[in-house]
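Enquirer: The following block contains the structure, expressed as structure tokens.
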Amino acid sequence: MYDFSYHKPGSVADAVKMLGADGEAKALAGGMTFIPVLKQRLNKPSAVVDLSAAGLSGIKLEGDKLIIGAMTTHATVASSPEVKKAIPALAHLANNIGDRQVRSRGTIGGSLANNDPSACYPSAVLALGATIHTNQRKVAADDYFQGMFATALEPGEIITAVEFPMAERAAYAKFPNPASRYAMVGVFVAKTAKGVRVAVTGAGQNGVFRHAAMEAALSTSFTPDAIKSVTTPADMMNADIHGSAAYRAHLVGVMAARAVAAA
Amino acid sequence: MIVDGIGASVKRVEDHRFLSGKGHYTDDMNRPGQTHAVFRRSDSPHARIKSIDIAAASKMAGVVAIFTGADLAAEGVGGVPCGWQIHNKDGSPMAEPMHPVLAIDKVRHVGDPIAMVVAETKQQAKDAAEAINIEFEELGGISDVRAAIAPGAPLVHDDVASNVCFDWHIGDKAATEAAFANAFKIIKLDLTNNRLVPNAMEPRAAISEYDISSGEYTLHTTSQNPHVIRLLMGAFVLHIPEHKLRVVAPDVGGGFGSKIFHYAEEAALTWAAAKVLRPIKWTADRSESFITDAHGRDHVSHAELAVAEDGKFLGLRVETLANMGAYLSTFAPSVPTYLSATLLAGVYTTPAIYAQVKAVFTHTVPVDAYRGAGRPEATFLLERIVDVAARDLGMDRVEIRRKNFIPADAFPYQTPIALQYDSGDYQTTLRECLRMADYDGFEARRKAAAAKGKLRGIGMSTYVEACGIAPSAVAGALGARAGLYEVANIRVHPTGSVTVFTGAHSHGQGHETTFAQLVADQLGIPFNQIEIVHGDTSKVPFGMGTYGSRSLSVGGSAMVKAMDKIILKGRKIAAHLMEASLDDVEFKDGKFTVTGTDKSKAFAEISLTAYVPHNYPIEELEPGLEETAFYDPKNFTYPGGCHICEVEIDPNTGTVAVINFTAVDDVGRVINPMIVEGQVQGGIAQGIGQALLEHAIYDESGQLLSGSMMDYTMPRADDLPNILVGTESTMCTHNPLGAKGVGEVGAIGSPPAVINAVVDALRDYDVRHLDMPATPAKIWGIINAHTLKMAAE
Amino acid sequence: MPQISLTVNGKPASAEVESRTLLVELLREKLHLTGTHVGCDTSQCGACVVEVDGKSVKSCTMLAVQAAGAHVTTIEGLASADGKLHPMQEMFREHHALQCGYCTPGMVMSAIDLVNSHPDGLSEEQIRHGLEGNICRCTGYHNIVKAIHAAWFVMHGKEMPIAAE
């Protein structure tokens, strides 16, 4: 790891100020991806701004909205009575991210800011049509994800919370990478007031994406059978030592069917 | 009566320190004035080093010194030696290219060390290592053995034509060809034994020190055999005489073979300690382990089995290409040859066998022994081709094995391929394993699984292996450059407690418990009066270390021999004290007794007399009670048995789940059943890992694609089943304990059982063979291809 | 360099660290608590697991400065002052759930968290899944699972039913 200066501001405003003052500064959330990256010397920030004291943790139900603070850990989401009541699929997803220790420290905001193509959360946020709150604005999920590790966040912009609408039905099914246990294919299906949405993580070449054909089929009938004949184009898929594009395309269908059955 | 003796599941004495965080691993130690070393390594599989510029790096904060290959060469530092020499078919010796400690002129694999930075802190050493400016000319690398021997392939070593290290054979070629001429059918099979990364959980580490006043060097290192490191490094690389070089292997966090070998880092650190005149510590990062620890397996074979109409095996011929990596690691040449090809008879009476092995250099990490070393490769080949033969002949898989087993009354059994098995009973281990696994109930379980949409399969392997390495004269004739006996020194203290100094090294095997049980049993003294000392060349007289499942059969036998000497001397002292003749004094249950009388002396009385010789046969006997024994085994030992695996495949994803795994092994004498069971379970976990999960994958040019645990699948708790273990022992006939060894059986017997089960599960998908690992992607590929083919027809 | 204070195994501790110092480096190198190990550099193996403010975390994936003010428990802090082992340590010994001992401290720390967080029962499947973040190369996990299963009963003060192997 290269050395850096460490700051732990007590508010979002201070954090923003620190990040704004130094273009080489980086925000630190749970650090579950960022610290390994630093250890591998793949990133050389001048300063690390730890958001853990900025008052960004917490879960609340406001009417028909579930609002999760950006620094809320996966373990907290997984065990939250509010989340379990409002969107149990989200608690289930959080409960299967990484391992127990990762869930102790990893956060929803960190996951979304990083937008790792094999992270679980982006699929839920996109499928549920959630809204990302930042210190500057509110961004719709459809506008937020912009390809692998790319998001709508501007330099110095911090995610403060994520706002989820209620779902009539929702579920997440993941096929983990055998080695890393990250999602090799993860499919989140959701039926909300705005309709059916299907988001796929892990598989695509450009990070999380919506599966239009499946959404159309499930809008007609929200059953596993409805998507039996829906195919996923393999040329959109990743290929690596763990599986071909064709295999990933196939798994998208299998995971989607399992998610629909579970929803 | 000793309750903690042979056969008792004594809880381990090691555990308290490991469980309370008081283990003493190399990286846990620090020395006053210690510096830290980091190696700058090659990112390229094959390149010429045009220049190395250390000027800027040398000036960086905290840097003490930077050394390159040229610095070592200028002082006459030798290459890293190979401990085993194989001869070609024509009698000429194998190619043995120079393996410099730090690369000179060329780098030959990703991870090849180029420079060593010594600095005040590890981070400062890392900073400076990055800042060394090296100019490379890329030469293009090659990783696959078949490609490496093809015309025009880039050469790993300029003086090794076609990258062939040796071209060796064994067996009776004419007899084998005659057998094939008479065959009813010839079963042919191509197999690849997947390359593995050992990944002991403790990364390699070392601390070197030099005492300028005495001229002594000390190296603490993560080794399975510190005396071997001292011998190889002292005699061949650094030219330091043994009495000025101490090598210590303290608590070591797993080895599995990968910590047998003498590694370049050990030599570089030891050499440099005398240059910087401060201790130097180095600990590998895991990503560094992936590209520097010797890998395992990586054999590509073609096998043919000649069978008679009734299923009897008539002959076997095998051609293997074995990947050596870029340099010859310490025991690399022995693995595909004398540790593998000699085992091709397996548990069967195949009368004629001929094997050829071509060892090939590639631009990859050196390949050497990994748990099982050669025997898993032979067993996988054999147990796969036997299953394929059963399939092609329409025979039952159990029946074809039974028909060809070496019968229990045929021992000692001379195989046609060098080895003579001393004992075994393969029908019994098979029968017991079938019973424990409820083989007969399988079809019902298959149907139940099918009802849930799962493909269930069962597979077995019946195997024998050769371990207890090794009779020195035999090993020497086969190319070993060292003796392979073991040493024990037993020091009885005046009050009767005992310190045992053993050349075997424990890094998970629980020797401090097992050996103490053995000594307690034989000397009739309490278990807690015995201390086992290992792993330090300044304490233990000599030793060859722990590998090849040899610690009990060879190291334990040395202890028995030393104890025999102790008991004989004790009898002489007792005879003197009790005024009896030596022949009338017997030793039993910790007492020296005059036969037929109630006169006796306790062990501690005799030991006290030996050290306080007031009433003592001083004319005939020296005082003291301490004996050393070297035990050189008369033969290898031959554990064997049967493994049965039951799997379920999810056809939608290709995921293979191991539902049941049962092993019944013949490991000879068992000292501690609890530890034996643990060794078998651990070995099977690695075998299941090889069969389903693990694969070190290089791209064509020699870049390691599975270079971290993010891409190399380590078996985790939820990948594995409960493992049911039984033992059905016959005794080894040629060592005093009857011990055969247990460290490797799990890793040797299990992989073909898993793959045979997977192939069985895929019975409706026209699968004759599949190579390891049976990953979900591979299984789905097979299912999908078959489905598409059926749709097209 | 930042000076940080924290509580380790119930005792106050303070040390000067770099911002980039990991919690595991603080524990091993500054506080000489070498029972916590490092087995990988990708947060996969779990040899470094410790408890921070009641939660099990990977101390190789947390900066030392992030632990300022925290209560940290390491493997060295489990046994009681008279040397009596924690029930989890005792069950690991009883069931031969360790061989080389290198993964053991992290495994024990994870296992304690797993048992504590499942007051209503812990199945074999839950144990195996719950050990996802800890890799052991020696045991094949069979005996680790048995030890944790047994420790659950001891830690929750329940009698263990007699079951077949």
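The values are calculated or read from the model by the stated rules, or taken from the named source; none is laboratory data. Note that the coordinates shown come from a computational prediction; the quantities given were computed from them, not determined experimentally. In this analysis, Cβ positions are derived from the backbone assuming ideal geometry, glycine residues included, and neighbour counts consider all displayed protein chains.
Rundown of residues vs (1) at pLDDT 95 or above; (2) out of contact with any strand residue (DSSP E or B) (no Cβ under 8 Å at 6 or more places or on another chain); (3) more than 21 Å from residue B:679 (Cα to Cα), yes/no style:
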site	(1), (2), (3)
C:110	yes, no, yes
C:121	yes, yes, yes
C:134	yes, no, no
C:160	no, yes, yes
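Enquirer: Here's a check for you: in the stretch B:717-738, which residue that is surrounded by fewer than 24 Cβ atoms within 10 Å (Cβ to Cβ) and in contact with a Ser or Thr (Cβ under 7 Å, 6 or more places away or on another chain) is nearest to the other protein chains (Cβ to nearest Cβ)?
Expert: Among those residues, the one meeting the criterion is B:724.
Enquirer: A further question on this structure: Can you name the helices (runs of 4 or more DSSP H) wholly within the stretch B:430-530 that have at least 3 residues being within 14 Å of another protein chain (Cβ to nearest Cβ), buried (at least 20 other Cβ atoms within 10 Å of the Cβ) and at pLDDT 95 or above?
Expert: Hits in the stretch B:430-530: B:511-523.
Enquirer: Going by the conditions given, is residue A:35 under 20 Å from the mean Cα position of the chain (by Cα), more than 11 Å from chain C (Cβ to nearest Cβ) and at negative phi?
Expert: Against the criterion (under 20 Å from the mean Cα position of the chain (by Cα), more than 11 Å from chain C (Cβ to nearest Cβ) and at negative phi), residue A:35 does not qualify.
Enquirer: Could you tell me which residue of the stretch C:43-60 is farthest from residue C:138 (Cα to Cα), considering only residues that are within 13 Å of chain B (Cβ to nearest Cβ) and in a loop (DSSP other than H, G, I, E, B)?
Expert: Filtering the stretch C:43-60 for residues that are within 13 Å of chain B (Cβ to nearest Cβ) and in a loop (DSSP other than H, G, I, E, B), the one farthest from residue C:138 (Cα to Cα) comes out as C:43.
Enquirer: Tally up the residues in the stretch B:205-222 that are surrounded by 24 or more Cβ atoms within 10 Å (Cβ to Cβ) and closer than 25 Å to residue B:716 by Cα, please.
Expert: Count: 1.
Enquirer: Is there a residue in the stretch C:48-67 that is touching a residue at least 24 places away in the same chain (Cβ under 8 Å), out of contact with any helix residue (DSSP H, G or I) (no Cβ under 8 Å at 6 or more places or on another chain) and not assigned by TED's automatic domain parsing to the domain that holds residue C:143?
Expert: yes
Enquirer: Now a separate question. In the stretch B:252-299, which residues are within 14 Å of chain C (Cβ to nearest Cβ), small (Gly, Ala, Ser) and outside any strand (DSSP E or B)?
Expert: Listed by number, the residues that qualify are B:253, B:254, B:255, B:257, B:258, B:284, B:287, B:289.
Enquirer: Regarding the stretch B:118-125, can at least one residue be identified that is surrounded by fewer than 21 Cβ atoms within 10 Å (Cβ to Cβ), closer than 13 Å to residue B:40 by Cα, in the same structural domain as residue B:266 (by TED's automatic domain parsing) and in contact with a strand residue (DSSP E or B) (Cβ under 6 Å, 6 or more places away or on another chain)?
Expert: Yes.
Enquirer: Taking into account only those residues within the stretch C:118-136 that are outside any loop (DSSP other than H, G, I, E, B) and free of Cβ contacts under 8 Å to residues at least 24 places away in the same chain, which is farthest from residue C:57 (Cα to Cα)?
Expert: C:125
Enquirer: Look at the stretch C:66-78 and say how many of its residues are in a loop (DSSP other than H, G, I, E, B) and crowded, with 18+ Cβ neighbours inside 10 Å.
Expert: 3
Enquirer: Looking for something assigned to a loop (DSSP other than H, G, I, E, B), in contact (Cβ under 8 Å) with a residue 12 or more places away in the chain and among the β-branched types (Val, Ile, Thr) - is there at least one such residue anywhere in the stretch B:563-578?
Expert: No, the stretch B:563-578 contains no residue that is assigned to a loop (DSSP other than H, G, I, E, B), in contact (Cβ under 8 Å) with a residue 12 or more places away in the chain and among the β-branched types (Val, Ile, Thr).
Enquirer: If a residue has to be part of a loop (DSSP other than H, G, I, E, B) and more than 22 Å from residue A:151 (Cβ to Cβ) to count, how many in the stretch A:195-223 make the cut?
Expert: So the count comes out to 3.
Enquirer: If I ask for residues that are at the interface with another protein chain (Cβ under 9 Å from one of its Cβ atoms), surrounded by fewer than 24 Cβ atoms within 10 Å (Cβ to Cβ) and under 10 Å from the mean Cα position of the chain (by Cα), which ones from the stretch C:86-113 would you list?
Expert: Matches in the stretch C:86-113: C:113 only.
Enquirer: With the requirement that a residue be within 21 Å of residue B:710 (Cβ to Cβ) and of a type in the set (Gly, Ala, Ser), what does the stretch A:1-59 give you?
Expert: Scanning the stretch A:1-59 gives A:29, A:30, A:31.
Enquirer: Is it fair to say residue A:207 is surrounded by 22 or more Cβ atoms within 10 Å (Cβ to Cβ), over 18 Å from residue A:258 (Cβ atoms) and touching a residue at least 60 places away in the same chain (Cβ under 8 Å)?
Expert: Answer is yes for this residue.
Enquirer: Taking the stretch B:223-251 as the search range and keeping residues that are without any contact (Cβ under 8 Å) to a residue 24 or more places away in the chain and surrounded by fewer than 20 Cβ atoms within 10 Å (Cβ to Cβ), which one is nearest to the other protein chains (Cβ to nearest Cβ)?
Expert: B:235
Enquirer: For the stretch B:645-678, give me each residue that is under 24 Å from residue B:254 (Cα atoms) and within 8 Å of another protein chain (Cβ to nearest Cβ).
Expert: B:674, B:675, B:677, B:678
Enquirer: In the stretch B:680-716, what residues are over 21 Å from the mean Cα position of the chain (by Cα), aliphatic (A, V, I, L, M) and crowded, with 22+ Cβ neighbours inside 10 Å?
Expert: If the condition is that a residue be over 21 Å from the mean Cα position of the chain (by Cα), aliphatic (A, V, I, L, M) and crowded, with 22+ Cβ neighbours inside 10 Å, then B:704, B:709 are the ones that fit.
Enquirer: Right, here's the next one. For the stretch C:7-42, enumerate the residues that are in contact (Cβ under 8 Å) with a residue 12 or more places away in the chain, in a strand (DSSP E or B) and over 18 Å from the mean Cα position of the chain (by Cα).
Expert: If the condition is that a residue be in contact (Cβ under 8 Å) with a residue 12 or more places away in the chain, in a strand (DSSP E or B) and over 18 Å from the mean Cα position of the chain (by Cα), then C:13, C:15, C:16 are the ones that fit.
Enquirer: Checking the conditions here, which among A:193, A:203, A:170, A:183 is farther than 27 Å from residue B:705 by Cα and either in contact with a Cys (Cβ under 9 Å, 6 or more places away or on another chain) or modelled with pLDDT of 95 or more (or both)?
Expert: Only one candidate qualifies: A:170.
Enquirer: Okay, moving on. Against the conditions (1) in contact with a helix residue (DSSP H, G or I) (Cβ under 7 Å, 6 or more places away or on another chain); (2) buried (at least 21 other Cβ atoms within 10 Å of the Cβ), where does residue B:349 fall short? Just the number, please.
Expert: (2)
Enquirer: Can you tell which of A:23, A:55 is more than 11 Å from chain C (Cβ to nearest Cβ), in a loop (DSSP other than H, G, I, E, B), surrounded by fewer than 22 Cβ atoms within 10 Å (Cβ to Cβ) and modelled with pLDDT of 95 or more?
Expert: Result: A:55 is the single residue among A:23, A:55 that is more than 11 Å from chain C (Cβ to nearest Cβ), in a loop (DSSP other than H, G, I, E, B), surrounded by fewer than 22 Cβ atoms within 10 Å (Cβ to Cβ) and modelled with pLDDT of 95 or more.
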